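Single-structure report; data block below.
The values are calculated or read from the model by the stated rules, or taken from the named source; none is laboratory data. Predicted model, so just to flag it, every value in this text is computed and none were measured. Reconstructed Cβ throughout: ideal geometry from the backbone, glycine too, with neighbour counts over all protein chains shown. For the accessible areas, the whole protein counts, side chains as well, though only heavy atoms, and no ligand, DNA or RNA atoms are used. Shrake-Rupley method; radii C 1.70, N 1.55, O 1.52, S 1.80 Å.
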Amino acid sequence: MARIVLENVSHTYDTSDRPDSDKTFAVQGLDICWDNGTANALLGPSGCGKTTLLNIISGLLTPSQGRVLIDGRDVTTQQPRERKIAQVFQFPVVYDAMSVYDNLAFPLRNAKYPRQEIDAKVREVAEILDLTDLLKAAAAKLNPADKQKISLGRGIVREDTAAILLDEPLTVIDPKLKWYLRRKLKEVQEELGRTMIYVTHDQHEALTFADQVTVIRDGVLVQNGTPQELHDEPQDPFIGYFIGSPGMNFFECHLEGERFVCRDQLTFPVPQAWRDVVRDHQGEQFGLGIRPEFVHVHQDAQQGAPCQVQVIEDTGAYRIFTLWQGDIRIKARVSEAVRRQEGDEVGVTFREDKMKLFQGAKRII
Ligand code: ATP
């Protein structure tokens, strides 16, 4: 298994043959390190450059600029075959005409492993992936989740695989089997300690699989960190909004004395602990961030900022209130204990130690 490093990697596709060609970076100036044996996720919205990056790592694409290092070796111009990187795609790649056993044995036979070793490895991997009872079955007869397990099995069966790249591997899996396969991927990673990079636009998949999550937007790295860090300490408003369910509330506001004023419609007191930091920034524009779970809804409309309950969504486990004041919307995640109805007037306060302050894309506090 290996440590993979990207150094200042950028890529621009050659679109000069297209009449409306607009040459822009697909990914730009990326410095990322995936440590040996770790579970990682590459997370971002559609078109942000995830597939481009995976192809650069696997060698299907040579970046326009920068270097790819595997265990300190520069592999930027090396062919995919030489890099020993396994890839699991959205659609399971299995040989339908073969049995599960032969599918798993395929990479080992290709690499001319001795017959006994092939048998031992195939059985070991089948055991890990709960495929032992299916070894003799024709791959064509399996459901998509079992087929995806074969794809993964082919990736892990060779011990000299440097890393396993998982490209949206649960997209075509039935919701009932998704949970099971997600657990299985995580278990395999923990048991084998292989370097894995899981690409997805789904924050839930990224956060439940990975120890380190890299968030990309428009080809640029926004933040790299543990799921907890991304959730608790977003360094960019995009992270606050993109991570969380629902995402962080943001309010464009300016500082007036010791209050933040949002569009002249809502004001919030500056937390005591922030006063020294913001004192000299009177009149400046800020972005105030607060997660819905730290917005408190009070029955008394005089307590905090006055708002009206616009919509209540019940998820079963908790309820999301959409509160409004003028054209400002606030999402609050509230417990059953808050007995309010749509249309009610309420008071809103924020848990001060959980508030975040931004200026532009930069986190201040
Ligand atoms: P998705 O989640 O939708 O697959 P992604 O995050 O994987 O998206 P990429 O497919 O890497 O993003 O695309 C990044 C950018 O590069 C996009 O603007 C896309 O239009 C562009 N792009 C991707 N492949 C090509 C190509 N072969 N030629 C030209 N532009 C491309």
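Under the condition of being among the small types (G, A, S) and surrounded by fewer than 22 Cβ atoms within 10 Å (Cβ to Cβ), which residue from the stretch 134-161 is farthest from I56 (Cα to Cα)? Checking each candidate, the answer is A137. If only residues of the stretch 193-211 that are open to solvent by 50 Å² or more (accessible area, probe 1.4 Å) and more than 16 Å from the ligand (Cβ to nearest atom) are counted, the one that is farthest from T171 (Cα to Cα) is D211. Remark: pairs (first residue in the stretch 138-159, more than 14 Å from T171 (Cα to Cα); second residue open to solvent by less than 10 Å² (accessible area, probe 1.4 Å) and of a type in the set (K, R); Cβ separation under 9 Å; 6+ apart in sequence or on different chains) = L142/K149. Of all the numbered requirements in (1) assigned to a loop (DSSP other than H, G, I, E, B); (2) at negative phi, G316 misses one, and that requirement is (2).
Meeting the requirement of 1 or more residues that are without any contact (Cβ under 8 Å) to a residue 40 or more places away in the chain and in contact with a Leu (Cβ under 9 Å, 6 or more places away or on another chain), the helices (runs of 4 or more DSSP H) wholly within the stretch 179-284 are 227-232, 237-242. Being more than 16 Å from the ligand (Cβ to nearest atom) and buried (at least 20 other Cβ atoms within 10 Å of the Cβ), is that true of even one residue in the stretch 37-50? Yes - at least one qualifying residue is present in the stretch 37-50.
Entry remark, the stretch 24-36: residues being part of a loop (DSSP other than H, G, I, E, B) and more than 9 Å from the ligand (Cβ to nearest atom) number 2 in total. Remark: F321 falls outside the filter, which requires a residue to be of a type in the set (F, W, Y), in contact with a Phe, Trp or Tyr (Cβ under 6 Å, 6 or more places away or on another chain) and free of Cβ contacts under 8 Å to residues at least 60 places away in the same chain. Restricting attention to the stretch 51-67, the residues that are touching a residue at least 40 places away in the same chain (Cβ under 8 Å) and either within 11 Å of the ligand (Cβ to nearest atom) or charged (D, E, K, R) (or both) add up to 7. Kindly establish whether S16 is of a type outside the set (A, V, I, L, M), assigned by the TED database to the domain that holds G225, buried (at least 17 other Cβ atoms within 10 Å of the Cβ) and more than 9 Å from the ligand (Cβ to nearest atom). Taking the combined requirement at face value, the residue does not satisfy it. Give me the residue from the stretch 61-107 that is in a strand (DSSP E or B) and under 11 Å from S151 (Cβ atoms) and, out of that set, most open to solvent (accessible area, probe 1.4 Å). Across the stretch 61-107, the extreme among qualifying residues is Q87.
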